[in-house]
Each structure stands twice: as structure tokens, then as C-alpha cells.
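Trainee: Before I ask anything, let me first share the structure, which is written out below as C-alpha cells.
The values are calculated or read from the model by the stated rules, or taken from the named source; none is laboratory data. As the structure is a computational prediction, the values presented were derived from the model and not from experiment. Note that each Cβ is placed from the backbone with ideal geometry, even for glycine, and that neighbours are counted across all protein chains shown.
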Amino acid sequence: MNIVRTNSESSDFINLVKQLDAYLKITDGDEHTFYNQFNNIDVLKQVVVLYDDTEINSAQLNFPVGCGAIKKFDEISVEIKRMFVVSEKRGQGFAQNIISELEIWAKELGNKKCVLETGKRQIEAIQFYKKCGYKIIPNYGQYTAMENSICFEKKL
């Protein structure tokens with residue numbers, strides 16, 4: 001496994017986000033349009049892409065299987081955005097590696113905590129964030145009135 005720090009112009013990141021959006025369109029249902037407006041990737045400057053070096057696909061030894069990003073939230077925090085691992089690679093520790101790298105990067109940039117939002121229908125994501133030490137907080141910003149949203153934070 002290999003993690004690369006990049007930005008939102010990475011073609012591998014763009015392709016993974018397309019898969020994420022297709023998945024979220026199904027799970028978010030009627031609320032997808034609302035959530036999607038806050039997920040523009042062009043504002044993401046700190047992106048990680050995780051490659052599985054055991055996968056051989058189209059002669060690629062490093063096949064992109066997951067991604068995530070951080071975006072400045074306030075003076076001491078970043079928001080974790082666009083966390084995704086392709087379905088056939090879930091449960092193998094890839095997401096843990098992605099979020100760990102994002103937290104390290106956030107700390108290097110001088111941040112004290114990470115915040116994030118996910119949907120209540122995304123049971124696996126909720127369990128994952130709790131397992132990673134994230135605590136539920138009141139919904140923030142654009143998610144305040146969204147009943148399907150659940151927000152988390154973790155002190156770094």
C-alpha cells in the first residue's frame with residue numbers, strides 16, 4: 001500500500017470521487033442535491049490517494065483504491081472531506097491508513113482538531129469514525145438543520 005499526498009487535480013482522486021458520488025447519490029436519496037453542493041473538489045488543496053500495490057489492473061502496479069482530503073474549517077481545525085474506499089477493498093485497513101495520513105498532515109499544518117460530517121444512513125462510516133476516536137458533536141454549519149447528518153470531531 002502506498003499513500004500519495006496530492007491535490008484535487010489528481011486524475012486518480014477525481015475518478016475515485018466520481019465513484020463516491022455515485023454511491024452517495026443512492027444512499028442520500030432525495031437529499032443528495034443538498035449535500036452535493038458542499039462537495040466541490042476544486043477547493044481541496046490537501047488530498048491523499050491510497051494505492052494498493054498488490055492489485056494489478058491495466059498493467060498498473062499501484063491501483064488507486066481510496067482517497068480523502070482536508071479543508072480548512074476554522075483557525076484550529078480542518079474538515080475531513082471525500083473519504084472513500086472502493087467497495088471491494090473495504091474492511092482491509094485502507095480507510096484507517098487514509099484518515100491517519102490526513103490527521104498527520106492536519107497536525108503538520110498546525111491544526112488542533114479534525115471535524116467531519118457523514119450521513120446517518122452510512123452505518124459503516126459512523127462505526128469507522130467512532131473506532132478512529134471521533135466523537136459525535138452537534139451538527140455544524142450547513143448541516144445544522146439536516147436530520148440525516150451526523151457530525152464528529154477529534155482532537156489531534
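Trainee: Could you check region 58-92 and list, in sequence order, the residues that are at pLDDT below 95 and not in a strand (DSSP E or B)?
Mentor: 58, 59, 61, 62, 87, 88, 89, 90, 91, 92
Trainee: Suppose we keep only residues that are in a strand (DSSP E or B) and aliphatic (A, V, I, L, M) within region 97-156. Which one would you say is surrounded by the fewest Cβ atoms within 10 Å (Cβ to Cβ)?
Mentor: First pass over region 97-156, keeping only residues in a strand (DSSP E or B): 113-119, 135-137, 149-155.
This time we only want the ones that are aliphatic (A, V, I, L, M), so: 115-116, 136-137, 150.
Numbers: 115: 18, 116: 24, 136: 12, 137: 15, 150: 20.
Result: 136.
Trainee: May I ask you to say which residue of 107, 113 is basic (Lys, Arg) and under 12 Å from residue 152 (Cα atoms)?
Mentor: When all the criteria are applied, what remains is 113.
Trainee: Quick check on residue 3: is it aliphatic (A, V, I, L, M), part of a strand (DSSP E or B) and either touching a helix residue (DSSP H, G or I) at 6+ places or on another chain (Cβ under 7 Å) or more than 25 Å from residue 105 (Cβ to Cβ) (or both)?
Mentor: Criteria met by residue 3.
Trainee: So, one more: State which residue pairs qualify: first residue in contact (Cβ under 8 Å) with a residue 12 or more places away in the chain and inside region 93-105, second residue of a type in the set (Gly, Ala, Ser) and crowded, with 18+ Cβ neighbours inside 10 Å in any location, beta carbons under 6 Å apart, and separation of 6 or more residues or different chains.
Mentor: Once the first residue is in contact (Cβ under 8 Å) with a residue 12 or more places away in the chain and sits in region 93-105, its partners that are of a type in the set (Gly, Ala, Ser) and crowded, with 18+ Cβ neighbours inside 10 Å give 94/66; 98/66; 98/68; 102/68.
Trainee: Let me ask another. Go over the candidates 84, 73 one by one and state the one that is under 24 Å from residue 27 (Cα atoms), among the hydrophobic types (A, V, I, L, M, F, W, C) and either touching a Lys or Arg at 6+ places or on another chain (Cβ under 9 Å) or surrounded by 13 or more Cβ atoms within 10 Å (Cβ to Cβ) (or both).
Mentor: Within the list 84, 73, the selection yields 84.
Trainee: With respect to the numbered conditions (1) surrounded by 13 or more Cβ atoms within 10 Å (Cβ to Cβ); (2) without any contact (Cβ under 8 Å) to a residue 12 or more places away in the chain; (3) among the small types (Gly, Ala, Ser), which one is the sole condition not fulfilled by residue 11?
Mentor: Failed condition: (1).
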